[in-house]
Structure formats: C-alpha cells, structure tokens
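Beneath this line is the structure, given in structure tokens, with notes to follow.
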Amino acid sequence: MSPIRVALNAILLLFTFVIQESLISRIRLPISGFSLYLAVVIALVLLENRTGAVILGFVGGLILDLSPSSNAPFGQWALILTGVSYLIAINAESIDEIVSRPVGVGLFVAAGASLLLLLFLVLGSLLGESVGTFGRSAVVIAGNFFWTTLITPFFMPILVTIREVTIGARERI
C-alpha cells in the first residue's frame, strides 16, 4: 500500500468518522444504533491485501483513539482493530467465498463490527473499565449487527468505487 493510498484512506476514514459522530450517532434507531465507522473500516479491510489491511486497521483504530468522545484507554481501539484486521487478512482466501455475494458481505461486515464491539468490552473489562451490564451490552451488539447487516449493501458499492479510483497501477498487477 503506497503512502498516498494510506493518506487517502485515512481521509476517507476521518470523513466517515465525522459523519458518524455528527449525524448517525444522533439518530435513535429501534433496539440500538449502529457504527458506520466500524462497518466502513471492516469493509475497507476486506478489500485490501495483508499489509494494507493491517495498516488500515491501525489507522482506523488510531482515529478512534484520538476521538474526543472516546473515554477508553489510548491504544485500545488501535490494538483491537489491528488484530482483527490481521485476522481478516490472513484468512482472506477462505473469506472470499463468503463475501462474493452482497448478502455475504453484509453479514461478514456486521459480524466483524460486532466482534470489534465484543473485543472492546472484553479488553475494557480486563483493563478495569466499567462496561455496563451483560444484558445491555448484548442488546447493543445485537442491534449493531442488525442495522449493519441492513445498511452494508448500500454503502459497499461506493467503497469499491473509491478503492478502484485510488488504486495505483503498481497495485493493480
């Protein structure tokens, strides 16, 4: 992944983060809300090679760690997103069968975002953070899974188009 693509993807993630914080987090959806930002990070990681996926995971986690609304220890999101991105990258061949269809992409991105939230809760509790009750956490994760599954097929073609425009000739080979 070239430095220019890293910068372009970081700008895309910052733009998505601003939309998430200013618009989507203010919408009250039934069950629970959803995180467009986490869904976009997982979707972009699916489109990248191993190195690019890990870099995107780290940059995405760093943006969440630098967020003024985050009350988590610094580096927690970067660690979680980098680890999950690495797991997705090393299993890319087996994941390709799942994500070859739009429904599969939606389910995989929703499962990835839910896994990120679950790992955030587990790591937060290990670090001594108060994470709330198990029932409320389960409702939030289930609601996030539901809404992400429904919305992913709408924004995934946009992400694929952006990736095709920003990919360089050297990376097309």
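The values are calculated or read from the model by the stated rules, or taken from the named source; none is laboratory data. On a predicted model such as this, the values are computed, not experimentally measured, just so you know. Cβ coordinates were reconstructed from backbone atoms using ideal geometry, including for glycine residues, and neighbour counts include every protein chain displayed.
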Does residue 69 count as in contact (Cβ under 8 Å) with a residue 24 or more places away in the chain and not hydrophobic (A, V, I, L, M, F, W, C)?
yes
ask   = Mind checking whether some residue in the stretch 70-78 is among the hydrophobic types (A, V, I, L, M, F, W, C) and either assigned to a helix (DSSP H, G or I) or buried (at least 17 other Cβ atoms within 10 Å of the Cβ) (or both)?
value = yes
Note: among 142, 111, just one is more than 25 Å from residue 71 (Cβ to Cβ) and either touching a Pro at 6+ places or on another chain (Cβ under 6 Å) or among the small types (Gly, Ala, Ser) (or both), namely 111
Only one of 166, 152 is at pLDDT 85 or above, under 20 Å from residue 46 (Cα atoms) and of a type outside the set (Gly, Ala, Ser), namely 152
**Request:** Would you confirm whether any residue within the stretch 28-42 is part of a helix (DSSP H, G or I) and basic (Lys, Arg)?
**Result:** no
Notebook entry, point to check: Is it true that residue 17 is among the aromatic types (Phe, Trp, Tyr), modelled with pLDDT of 85 or more and either at negative phi or loosely packed, with under 15 Cβ neighbours inside 10 Å (or both)?
Noted result: yes
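Here's the yes/no breakdown for (1) touching a helix residue (DSSP H, G or I) at 6+ places or on another chain (Cβ under 6 Å); (2) under 22 Å from residue 2 (Cα atoms); (3) of a type in the set (D, E, K, R); (4) modelled with pLDDT under 85:
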position: 33; (1), (2), (3), (4): no, no, no, yes
position: 45; (1), (2), (3), (4): yes, yes, no, no
position: 49; (1), (2), (3), (4): no, yes, no, no
position: 63; (1), (2), (3), (4): yes, yes, no, no
position: 111; (1), (2), (3), (4): no, no, no, no
Selection from the stretch 107-162 of residues of a type outside the set (A, V, I, L, M, F, W, C), within 27 Å of residue 96 (Cβ to Cβ) and crowded, with 18+ Cβ neighbours inside 10 Å yields 112, 114, 144, 148, 149, 152
Expected single match for under 20 Å from residue 158 (Cβ atoms) and either within 16 Å of the chain's Cα centre (by Cα) or crowded, with 20+ Cβ neighbours inside 10 Å (or both) among 58, 34 is 34
**Item:** residue 94 vs. criteria more than 16 Å from the chain's Cα centre (by Cα) and over 19 Å from residue 149 (Cα atoms)
**Value:** yes
Picked from the stretch 90-130 (must be in contact (Cβ under 8 Å) with a residue 24 or more places away in the chain and in a loop (DSSP other than H, G, I, E, B)), the residue nearest to residue 72 (Cα to Cα) is 129
Expected output for the stretch 27-54 (first residue free of Cβ contacts under 8 Å to residues at least 12 places away in the same chain, partner in a loop (DSSP other than H, G, I, E, B) and surrounded by fewer than 24 Cβ atoms within 10 Å (Cβ to Cβ), Cβ below 7 Å, 6+ apart or cross-chain) is 27/33
The condition of being of a type in the set (A, V, I, L, M), in a helix (DSSP H, G or I) and in contact with a helix residue (DSSP H, G or I) (Cβ under 7 Å, 6 or more places away or on another chain) holds, among 158, 141, only for 141
